[in-house]
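Please read the structure below before turning to the comments.
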Amino acid sequence: MALPPPLSAKDEKSFAYETIKDRLPLIVTRIVDFLARHRTNFAKQYGEDAENECKSCISAMDKLRYEIARDKPILLLNDNHTDDIHIWNEYLQKEMDQGKVISWFQSNWLLVECYMYRKIAEAFNLTAHLQHVDPFIEMKQHTFYSSVQAIDVVLAQLNIDIEQTTDPVNNKSTIEQQFYNYMEISLWGNQCDLSLSGGANRSQEHDPFHQITELKTHILINHETSLFNYLYDQQAYLLNFDVCIDFVLDNAGFELLTDLCFADFLISKRLCSRITLHLKCFPWFVSDATKTDFDWLLEQLSNSSSNSVWQIASKRWQQHIQNGQWIIQTHRFFTLPYDYSYMQQISSELYCTMSQSKLIIFKGDLNYRKLVGDLRWPLNERFETALRGFQPTSFVVLRTCKADVQVDIDLKVGQEITKIDPRWMVNGKWAVIQAFFKKQT
Ligand code: F6P
Ligand code: MG
């Protein structure tokens, strides 16, 4: 089957064009600002060499910004001490061997946007003292603390819902309603990513429980009922079935908190018995959660001596980790330029373990783009077709729409939404809970 062309900034009317022209340079500028503010701190902490290394990172960022703006060709990466570099360079080399010049505005949006974050990592990897510096850390931590009221509300209710001993057999409808609540809170948490805003603060200002009611009509595809029934039918609550879920997390801060609330709910109500939480290996798309962000969040909850609601939740979460019900993982596949249809070929062991799960939960817009290959599919294309063979197990994507690709929407419905909101595909105000159920063989 001939595939549609990839999204690309070649099309000047596209969101890809807007992103590469305006959003990416802004993100790089914010890194320069971060480095300039911390230069003397680095010197104090790690010595004079660190200050020079900081200057070299600033120069690398200036160069990157210049190259994006001038649509310069993309070159191979150069930090030979990381284990993903050969995969990256093989990918780039293959494209180059086909005579293609890869450049910011002419090539695939997905590739060049991923490359930018890997290129930022390269600048830090090439230093001796700043390898572990995350240039987005302040932004991520700031959005968490600017959402404290919403965090209080969600955690207080979660603690009540979990402490309530509801026998899953006789209280199916209560658990079902709560499942929708935590799933939708996690879904809308995805509005708080910092890539769309170019790094500007995106806090949660509303009561999330009110918000989900108001936003119900903004969920364009909603498979939550089938999902609940699918999970409930696995009967993890009978304790004799091992029901595993893979949760591919997205952004740190408020979104991560909502994802962990959902993961806690699934475990505590025994809708599954184990969840693998996938985090990123290095700073990615501004706000994606790394292991450091995850640890930091748990630390904030447990250190809040004046806030018992936070502490109660954090104790439960620590327990999930200690007793092996939450498994924390970072895998390099999630920061490679490949879309999901290549997972089996590129990271077969990851594909194999994910295949053994009953469900994968993919969070966020970038995961959606990678599932459908970031191609210009017609709006009414079938999801299964757009997946191009990626079927390790059943899965769902919880995504607020922030890129000009979407499938499985009737063309007439698409026209109606466009009349209401011409930027519905990219402004993050609309969402999908889109599931794929693997046929049993
Ligand atoms: O820069 C905009 C953007 O790249 C989206 O198009 C992208 O998919 C998004 O940022 C990141 O969103 P999320 O954190 O939901 O994956
Ligand atoms: Mg993200």
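Assorted remarks:
- Charged neighbours of E12, selected by a Cβ distance under 12 Å, balance to +1 (K, R count +1; D, E count -1).
- For E184, net neighbour charge (Lys/Arg +1, Asp/Glu -1) across residues whose Cβ lies under 9 Å away: 0
- A Förster radius of 41 Å, combined with the Cβ-Cβ distance separating L411 from K44, puts the computed FRET efficiency at roughly 0.10.
- Cα shape, region 96-148, gyration tensor, a/c 1.5 rule: oblate
- Region 3-124: C-alpha gyration tensor shape, a/c 1.5 cut-off, then a/b vs b/c: oblate
- Full-extension gain in nm, D421 to Q440, via 0.36 nm per residue minus C-alpha separation: 2.9 nm
- Sparse-neighbour loop sites [GluC sites (Glu not before Pro); region 1-57; at most 12 other C-beta within 10 Å; DSSP]: E12
- Peptide ranges 395-401, 253-259, 413-419 listed from the most packed, as the mean C-beta count within 10 angstrom indicates: 253-259, 395-401, 413-419
- For region 283-441, the percent of C-alpha pairs falling in each 10 Å distance bin, counted from 0 to the bin holding the largest distance, reads 9, 31, 31, 20, 9, 0.
- Local electrostatic count at H320 - Lys and Arg +1, Asp and Glu -1, tallied over other residues with Cβ under 11 Å: +2
- A viscosity of 1.567 mPa s and a temperature of 4 °C, combined with the Kirkwood radius over C-alpha pairs in the Stokes-Einstein formula, give the chain a diffusion coefficient of 57 µm²/s.
- Extended-chain gain in nm, criterion 0.36 nm per residue less alpha-carbon gap, E214 and D233: 3.9 nm
- Tensor-based shape of region 90-191 (alpha-carbon gyration tensor, a/c under 1.5 rounded, otherwise prolate or oblate): prolate
- Cα-Cα over 20 Å, subset of K13/K402; K172/K439; K370/K412; K55/K140; K10/K429; K269/K358: K172/K439; K370/K412; K55/K140; K10/K429
- In this structure, the amide hydrogen of L375, modeled 1.01 Å from its nitrogen in the peptide plane, lies closer than 5 angstrom to those of L7, counting only residues at least 5 positions away or on a different chain.
- Placing a pseudo-label 7 Å from each Cα along the Cα-to-Cβ vector at D22 and N52 gives an inter-label distance of 4.1 nm.
- Nitroxide proxy distance, nm - points 7 Å out along Cα→Cβ at Q318 and E384: 4.7
- Taking 0.36 nm per residue of separation and subtracting the current Cα-Cα distance, fully stretching the chain between Q345 and S226 would add 39.8 nm.
- Taking the DSSP beta bridges with both ends in the chain, the antiparallel portion is around 30 percent.
- Note on T165/L76: beta-carbon distance plugged into 1/(1 + (r/R0)^6) with R0 of 45 Å gives a FRET efficiency of 0.20.
None of the figures in this text is laboratory data; all of them are computed from the coordinates on show. Small disclaimer: the values here were computed from a predicted structure and weren't measured. Ideal geometry is used to build each Cβ from the backbone, glycine not excepted, and the neighbour counts take in all protein chains shown.
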